[in-house]
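Have a look at the structure below before the remarks.
Please treat every number below as a calculation from the coordinates, not as lab data. Treat the numbers as computed from the prediction; the structure is a model and nothing was measured. Neighbour counts run over all protein chains shown; Cβ positions are idealised from the backbone, glycine included.
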Amino acid sequence: MPILLKNCRIVVNEKVYSKNILIKNGKISKITNKEPKADKIIDVKNNLVLPGLIDAHVHMREPGLTHKEDFLTGSMAAAKGGITTFLDMPNTIPPTTTTAVLEEKRKLAKKSIVNYGFNFGATLNNISDIKKAKNVAAVKIYMDMTTGAMKVEDYDTIKEIFKASKLTIIHAEDINIKNAVDIFIKSFMSKAHVELKNQKFLSNKIKNRLHVAHVSSEKELRYAKNNPIKKQMTVEVTPHHLFMTEKDIQTLGAFAEMKPGLKTEQDKKALWQGIHDGMIDVIATDHAPHLKEEKEMANYPFGVPGLETMLPLLLDAFNSNKISLKKIMQLCCENPAKIFKIKNKGFLKEGYDADLVIADLDKRQAVRNDDLLTKCRWSPFEGKILKGWPVTTIVNGNVVYDNGEIKDIKAKEVQYAG
Ligand code: DOR
Ligand code: ZN
């Protein structure tokens, strides 16, 4: 059933165009000035149409922690936030560290109403599973503390993982980012080549890549980017590190505590500078829901939800001239698709999947806990008035979110090139 989105505003190279978009068989069939025939017409009323966001860092909590979130509630929150694809993290119970658990998770994720992919977790002794795992986005290594016991500290094991995985995501903090980069280099070079000039030379030969999750400070950004293997490295930042500082802990307490933690105003500035300088490749939520009651305990868990607030925060930042729409599209749609080699997504182009978000740039509204669809139903941004909100989300050509209403149409697992 072809659908025509009429009166769309789309952004191509910083310029805004008015176009109609024809969707056929779940794909973008035409982007045109004409009015091709369709069974259904949606008047977009000159709102902005972006490729659906690809959130590369989401903790959906299923299996084992479904009191916090599950694939249905989490994907509803994603749809409301304009996110049409997410990559799930492995620190569930059991963790996604064997192929059997991965296959089980695949079945559970069929509930999702947005598209999804999986990151596979590394342990001290699961290299053979890492090698066998099919259709995963990346392998994740926790070099620092996280929810669940997933820390891998043995450098020789980490080297083996770097060698076995084409793309590794590291959760490393502070100096551990530098350590990770050093180990990565050493994984691919013999002792004879440790000097810097040879590292640069060898960097051209290394095919594997390293993605640094949630860089949170000026120092971490420097460790991630000032090194001889820049070409092999990509860097991610979260909305909470871009829009909050450690001062927020004074008012929000545990509700502003996550790993890595919030840093200073100066660090926040450095991250924004990194966005403008092209040092940062991806913005991802690190959606890490925990119940209010859990956050109120003395030994509260770390993490904050983010699926429903990332795009509004970024559109609000656009409205106050802090970021361009082109940058938002690069960091939230195009680069995640490229880095994780997700097929057919991330771009508003004919032939690509019809994963789209319609946003009203003039809509002004406060973040309200009561409006949230995440099972945890709170946000560290509660009360913040933002200008620019997603209003309609389309996944595989189906409207799954429209002005507060969710439609439960199941989505698909993504596929990767190579
Ligand atoms: O704050 C965090 N929460 N950091 C992590 O590394 C894990 C996450 C979670 O799963 O709760
Ligand atoms: Zn995380």
Protection proxy (average C-beta count within 10 Å per residue), highest first, orders 46-52, 298-304 as 46-52, 298-304
Measuring from its Cα centre, the range 113-155 shows a charge dipole (+1 at each Lys and Arg Cβ, -1 at each Asp and Glu Cβ) which, in debye to the nearest 20, is 240 debye
Charge tally for neighbours of Ile175 with beta carbon under 14 Å away, counting Lys, Arg as +1 and Asp, Glu as -1, is -4
Working note, the range 276-335: Cα radius of gyration (Å, one decimal) and Dmax (Å, whole number) are 14.8, 43
In the chain the DSSP beta bridges are antiparallel at a rate, in percent to nearest 5, of 50 percent
The range 326-418, Kirkwood Rh and Cα Rg, ratio Rg/Rh at 1.00
Charge dipole of the chain built from unit charges on the beta carbon (Lys, Arg +1; Asp, Glu -1), centred at mean Cα; most positive-end Cα among Ser128, Trp272, His59 is Ser128
In whole Å, largest first, the alpha carbons of the range 1-123 cover along the principal axes 53, 32, 24
For the range 1-113, percent of DSSP beta bridges that are antiparallel (nearest 5) comes out at 60 percent
Taking R0 as 45 Å and r as the Cβ-Cβ distance between Ile93 and Met189, the FRET efficiency 1/(1 + (r/R0)^6), rounded to the nearest 0.05, comes to 0.75
Normalised Cα Rg of the range 239-289, dividing by 2.2 N^0.38 Å with N its residue count, works out at 1.16
Length-normalised contact order of the chain, Cα under 8 Å, at least 6 apart, in percent, tallies to 21 percent
Residue by residue through the range 298-308, the couplings from Karplus 6.51 cos²θ - 1.76 cosθ + 1.60 with θ = phi - 60°, in Hz, x for Gly and Pro, are 4, 9, 5, x, 8, x, 9, x, x, 4, 8
Computed on Cα atoms only, the convex hull of the chain has an orientation-averaged projected area in nm² of 19.2 nm²
Expressed in angstrom and rounded, the centroid-to-centroid distance over alpha carbons for the range 250-315 and the range 99-147 is 23 Å
Footprinting proxy, Met150, Met1: sorted fewest to most Cβ within 10 Å, the residues are Met1, Met150
Rg/Rh of the range 70-167 (Cα atoms, Kirkwood Rh), to two decimals, equals 0.99
Amide H contacts under 5 Å for Tyr116, restricted to residues at least 5 apart in sequence or on another chain and with H modeled in the peptide plane, are Phe86, Lys412, Glu413, Val414
For the range 185-338, using Cα atoms only, the Rg and Dmax in Å read 17.7, 55
About its Cα centre, the chain carries a charge dipole, from +1 on Lys and Arg Cβ atoms and -1 on Asp and Glu Cβ atoms, whose size in debye to the nearest 20 is 1720 debye
